[in-house]
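A short reminder: the numbers here are calculations on the coordinates, not readings from a lab. Quantities reported herein were computed from a predicted structural model and do not represent experimental measurements. Methodologically, a virtual Cβ is constructed for each residue, glycine included, from the backbone with ideal geometry; neighbour enumeration extends over all protein chains shown.
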Amino acid sequence: MNNEIDDIDKKIVNLLLFNADTTNREIATKCGIALGTVNNRINRLKKSGVIKKKTIMVDYEKLGYQIEVLIALKIKKGAFHEVAKNLASDRNIFLVIDITGDYDAEILARFHTKRQLDEFVKKLQQQPFIESTSTRLILNIYREKQIE
């Protein structure tokens, strides 16, 4: 099986990135290829792990999350996995990232109110394995860049 990703594969991925509900028939039309070819290519992209799953984009503001923040964390040496596991179970944390640089982890968190954010950050800063935090308010989120 050829694992090379060509321009047609990229176009298929980009169409699905833009709208996961795009039908294979619509993809075939937009790519100028047969429906069976689209089916085969998508199956190959799934099997090779390029397409992990199809998902949706949610407007969290419409669900009541008015505050979105990125919080960088300095974590005591050797405690990353324990901290990440605890963070991942918090209902306000939507993403936990292991990073390099001045901080050890980055989290994406969403809150309904400023008070919830304030309470969360103060609680976070009291955790024994967290040395410091840096919180940044997200003003806008733009769509993920398409592949080239």
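For the range 7-47, just say rounded, prolate or oblate: build the C-alpha gyration tensor, square-root its eigenvalues into a ≥ b ≥ c, call rounded for a/c under 1.5, and beyond that prolate if a/b exceeds b/c, oblate if not. Walk me through the numbers before you get to the answer.
Numbers: a/c = 1.34, a/b = 1.04, b/c = 1.28.
Rounded, since a/c falls under 1.5.
Can you list the GluC sites (Glu not before Pro) in the range 1-61 that are in a DSSP coil and have 12 or fewer other beta carbons within 10 angstrom? Write out the running numbers ahead of the final one.
Details: sites: Glu4, Glu26, Glu61; in loops: Glu4.
The qualifying sites are Glu4.
What is the extension gain from Thr135 to Glu119, computed as 0.36 nm multiplied by their sequence separation minus the C-alpha to C-alpha distance, in nm to one decimal?
Working: separation 16, 0.36 × 16 = 5.76 nm, distance 1.30 nm.
Here the segment from Thr135 to Glu119 would lengthen by 4.5 nm.
Full extension of the segment from Leu63 to Leu95, taken as 0.36 nm per residue of separation minus the current Cα-Cα distance, would add 9.8 nm. Within the straight-line cut-off of under 27 Å between alpha carbons, the lysines reachable from Lys11 are Lys30, Lys46, Lys47, Lys52, Lys53, Lys54, Lys145, sequence neighbours fewer than 8 places apart in one chain being disregarded. Between Thr37 and Ala20, the contour length at 0.36 nm per residue exceeds the Cα-Cα span by 4.3 nm.
Applying the criteria of a DSSP loop state and at most 13 other Cβ atoms within 10 Å to the chymotrypsin sites (Phe, Trp or Tyr not before Pro) of the range 37-146 yields Tyr142.
Here Ile56 and Gln127 are evaluated by their C-beta separation; at R0 = 30 Å the FRET efficiency comes out at 0.40.
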